[in-house]
Amino acid sequence: MQIIEVNNAVTRKSFLELPKKIYQNDPNWICPLNRDIEAIFDPRKNSYHQNGKCIRWILNSNDGKVIGRIAAFINNKKAYLTGMPTGGCGFFECADNQNAADLLFDTAKAWLAEKGMKAMDGPVNFGENDMWWGLLVEGFAAPYYGMNYHQPYYKRLFERYGFTPLYEQISNSIEIYKPFPERFTKIAEWVARKPGYHFEHLDKKEFQRFANDFKEIYNDAWKDFENFTPITDITIRETFEKMKIIMDERLIWFAYVNGEPASMVVIVPDTNELISNLNGRLGLWGKLKFMLNKWGRKNKRMRAVILGTKAKFQKHGLESAMIIKLKEYVLPLQQYKELELSWVGDFNTKMIALHEATGATFSKKHITYRYTF
C-alpha cells in the first residue's frame, strides 16, 4: 500500500471521489459538495489557516486503487489548552481493512508528532465543531447538511487502532406538527410575555448588529467548557456566508433581556435535501439543478446548528420561548416536517435537559475520539 499526499489536481480528485465508492450501495448517504470540502483546505476560504496548518493524504492499494483517505490538522489556538498538545484528524474514509486504516492513522500521527503534538482527536474538522465533527455510530439515516455520515465498521477501525471516546454527541429530532409537552409550552409562553424580554429574528439588512450580538452570546455561553476558544468576526462571516444560499431569516432568533443580547438559536433548512442528486458537483448544470430542487422540492427538514444562552440567563427559559416563536412562523408554512437538534455533547447537561423538555426523540449519536501517542 502507498500513502500519497494530496497536492495536485489528480490527488484532489481522488480524495473527493473515494466516498462515492465507499457508499455506492448505501441509499442514505448524500454526497457533500466538492467545493465545501475543498474550501476547508484552501487558506483563502478558511481563516483557520491563519492560526494552524493542515495536510491530507490518499491511500492506494497494491494494485493502484484508492482505498482510503485522511486529513490531519493543528489548530494552534486549541492545541495547547491542556497539558497535552493535541491535534486532529478527519475526513477519514477507508475500505473495511484494518491494516489500511492503521496506515492512515499512523501517517496522521507521525505528521502531528513531528510538529510536537502528543495526541490526536478524530474525526474532527479544521473549523468550528458544527460541521463534519464526530464519528457516526448510531442512527444511520440520511444525514443533515454538515453532519458526518460513516460506515458502521468505522467504529471498529478507530477503536482497534487505539482511539478511545472523548465524548458522545447526541442529536435529537422534533416532529414539527406534534404539540410540545404542556409544561414546556406554558413556561415558554410565560417567558415570552415577561416585561423587559423581547425576541427578534435575523434581519440581513442589519447583519452587523446581529453578528455582534451573536459573538457576544456565543463567547459567553461556551466560555466555561473545556478547550473553548472565542469565536472571531471573520469566522462568523464565513459561517453566515456558507449558509446564505439556503438561509431563512425567520429561522434565526435572538432573545434580549432589557436590551442585552441574551440567547440565540440558529436554524437552517437542510441543504442535503437539495443537493442529493448533484453528486457533489455545483457547476453551471449543478446550480441549475439546485435551483430547480429549491423551487420544486422545498425543504421538509431543518437543522438547529447553534443554540446558546449567556451564563447568567441560562435558567430564564429563553430557549423555550424562541422555539415557540419559531414554531409560530413555521406551522402556517405547512412545509417543514422535522427539526433536528444537533449536536449536544454528553457534557452539556443543561442542553440535554432542554431537548428532553421539548419532547424530542433520539436521532443520531456521534463520538469524538482521542488517541494518545
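We did not get these values from a lab; they are worked out from the coordinates using the rules stated. These figures come from a predicted structure and were not determined experimentally. So basically every Cβ, Gly included, is an ideal-geometry build from the backbone, and we count neighbours across all protein chains shown.
Could you tally the net charge around residue 282, taking each other residue with its Cβ under 10 Å from the Cβ of residue 282, Lys/Arg +1 and Asp/Glu -1?
+3
Please pull out the direction-averaged projected area of the chain, using the convex hull of its alpha-carbon atoms, in nm² to one decimal place.
18.5 nm²
Ordered by packing density, taken as the mean number of other Cβ atoms within 10 Å over each peptide's residues, highest first, how do 339-351, 156-168 rank?
339-351, 156-168
Any idea what the relative contact order of the stretch 177-336 is, in percent, if you count C-alpha pairs under 8 Å spaced at least 6 apart?
Relative CO of the stretch 177-336 lands at 31 percent.
Taking only pairs that are 8 or more places apart or on different chains, how many Lys pairs in the stretch 211-324 have Cα atoms under 21 angstrom apart?
23
If one computes the Cα centroid of the stretch 297-331 and of the stretch 54-80, what distance in Å separates the two points?
With the stretch 297-331 and the stretch 54-80 each reduced to a Cα centre, they are spaced 36 Å.
Using alpha carbons only, how many degrees (0 to 90, rounded to 10) separate the axis of helix 284-296 from the longest principal axis of the chain?
Here the helix axis deviates by roughly 30 degrees.
Per the helix-only calculation at 222 nm, which mean residue ellipticity applies to the chain, given -39500 (n - 2.57) for every DSSP H run of n ≥ 4 and division by its residues, nearest 500 deg cm²/dmol?
After summing the helix terms and dividing by residue count, I get -10000 deg cm²/dmol.
Give the residue from 48, 92, 19 lying farthest towards the positive end of the charge dipole for the stretch 2-169; charges sit on Cβ (+1 for Lys and Arg, -1 for Asp and Glu) and the dipole is referred to the Cα centre.
Positive-end residue among those listed: 48.
In the stretch 223-373, what percentage of the DSSP-assigned beta bridges are antiparallel, given to the nearest 5?
75 percent
Give the order of 53, 310 when sorted by the count of other beta carbons within 10 angstrom, beginning with the fewest.
Lowest count first: 53, 310.
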